[in-house]
Amino acid sequence: MKQQHNRRIWLIGATSGIGYQLAQDMAKAGHQVIVSGRNRDKLDELHAGDPEHFFPLPLDVTRFDAVQAAGQVIQKTFGGLDTVFYNSGNCIYVDVTDFQHGDFETVFQVNFMGLVYAIEVSLPLLRQGRQPYLVGMSSSAAFVGLPRAEAYGASKAAVQYLMDALRVDLAAEGLDVSTVFPGFVKTPLTDLNDFAMPFLIDVQQASRFILKGMEKRDHNIHFPKRFTFFLKLLGNLPSSWKTKLVQRTSRS
Ligand SMILES: NC(=O)c1ccc[n+]([C@@H]2O[C@H](COP(=O)([O-])OP(=O)(O)OC[C@H]3O[C@@H](n4cnc5c(N)ncnc54)[C@H](OP(=O)(O)O)[C@@H]3O)[C@@H](O)[C@H]2O)c1
């Protein structure tokens with residue numbers, strides 16, 4: 001098992017939902033957590049609650065200059081990083097009767113390009129770190145084409161591919177790469193969903209699954225398994241079966 005204590009972790013997307021819970025659990029475990037997101041009040045709240053373990057670093061991931069500036073602060077203050085966890089994400093559901101490329105740009109800018117910016121800035125910092133580790137947030141929506149998820153699902157499938165390829169290329173440097181694939185987790189993001197969410201779990205459970213997977217450095221951290229195995233199975237069926245089943249499941 002790799003060294004797991006007192007790590008310098010940059011958690012991007014720490015102000016809400018899964019990220020907010022992860023931030024607290026990481027700090028409780030004794031890590032130094034550099035917390036990022038646009039919501040300064042939430043970052044300050046974390047810092048005020050535990051100034052020893054939280055370092056607030058506000059940023060908008062859609063701006064490369066902001067991510068770069070944050071990286072410079074980290075270099076100066078911490079002299080490198082041990083773990084980077086990119087969690088930031090947004091979701092727009094697509095209406096095929098009003099298909100808009102702008103929806104895809106908005107979603108990809110945060111879910112995918114923000115991750116790319118963070119990786120560019122983080123790699124030099126991780127190369128100075130101890131047993132360096134990069135974690136990206138995908139979704140179980142990446143396993144199978146789901147209705148109205150053309151933009152969100154495609155962005156998360158792109159995250160999956162990017163992380164898979166990076167894992168191969170970075171292995172020689174001893175830099176580990178994991179991807180997280182949650183099922184439905186109750187957060188401000190999913191509170192907006194207008195459909196039934198099977199096997200919905202809370203952020204405390206999600207954080208436990210993620211931290212356990214990170215401890216083992218699982219390449220793919222997916223949960224809850226009874227839901228993600230079903231989606232994976234669905235995704236591997238012949239296309240005609242898959243399409244019919246997804247149509248039927250989403251109607252019911
Ligand atoms: N909840 C689920 O069921 C579920 C399932 C699968 C995957 N996921 C993924 O898990 C991640 C967290 O989701 P969540 O449900 O916890 O959502 P959430 O509560 O809405 O949290 C989203 C986080 O992303 C950050 N973010 C969004 N836009 C940003 C920007 N421009 N710059 C910097 N940070 C930005 C937000 O921070 P600010 O608003 O402060 O910027 C916030 O911290 C997302 O990537 C999501 O796709 C969630």
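The values are calculated or read from the model by the stated rules, or taken from the named source; none is laboratory data. A quick note: this is a predicted structure, and the numbers were derived from the prediction, not measured. Methodologically, a virtual Cβ is constructed for each residue, glycine included, from the backbone with ideal geometry; neighbour enumeration extends over all protein chains shown.
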Revision key, fill the gap. Checked against (1) more than 10 Å from the ligand (Cβ to nearest atom); (2) exposed (fewer than 13 other Cβ atoms within 10 Å of the Cβ), R208 satisfies every condition except (2)
Review point. Residues in segment 4-24: is at least one among the basic types (K, R), out of contact with any Cys (no Cβ under 9 Å at 6 or more places or on another chain) and without any contact (Cβ under 8 Å) to a residue 60 or more places away in the chain?
Key: no
Point to revise | Search result, residues across segment 132-178 that are surrounded by fewer than 17 Cβ atoms within 10 Å (Cβ to Cβ) and not in a helix (DSSP H, G or I) | key: P147, R148, G174
Practice item. Go through segment 61-89 residue by residue and tally those that are away from the ligand (no atom under 16 Å from the Cβ), exposed (fewer than 15 other Cβ atoms within 10 Å of the Cβ) and not polar (S, T, N, Q). Key: 2
**Study point:** Check on Q109, under 29 Å from A158 (Cα atoms), touching a helix residue (DSSP H, G or I) at 6+ places or on another chain (Cβ under 7 Å), assigned to a helix (DSSP H, G or I) and not small (G, A, S)
**Key:** no
Review point. Applying the selection to segment 34-60, what residues are polar (S, T, N, Q) and loosely packed, with under 15 Cβ neighbours inside 10 Å?
Key: N39
Exercise for review: Tell me which residues, restricted to segment 1-23, are more than 13 Å from the ligand (Cβ to nearest atom) and either buried (at least 20 other Cβ atoms within 10 Å of the Cβ) or modelled with pLDDT of 95 or more (or both).
Suggested key: R7, R8, I9
Review point. Could you list, in sequence order, the residues of segment 168-196 that are free of Cβ contacts under 8 Å to residues at least 40 places away in the same chain, of a type in the set (G, A, S) and within 16 Å of the ligand (Cβ to nearest atom)?
Key: A196
Review point. Which residues, counting only those in segment 115-167, are within 12 Å of the ligand (Cβ to nearest atom), more than 30 Å from S240 (Cβ to Cβ) and not hydrophobic (A, V, I, L, M, F, W, C)?
Key: Y117, G136
Practice item. Being out of contact with any strand residue (DSSP E or B) (no Cβ under 7 Å at 6 or more places or on another chain) and in contact (Cβ under 8 Å) with a residue 60 or more places away in the chain is the filter here, so list the residues in segment 25-56 that pass it. Key: D25, A29
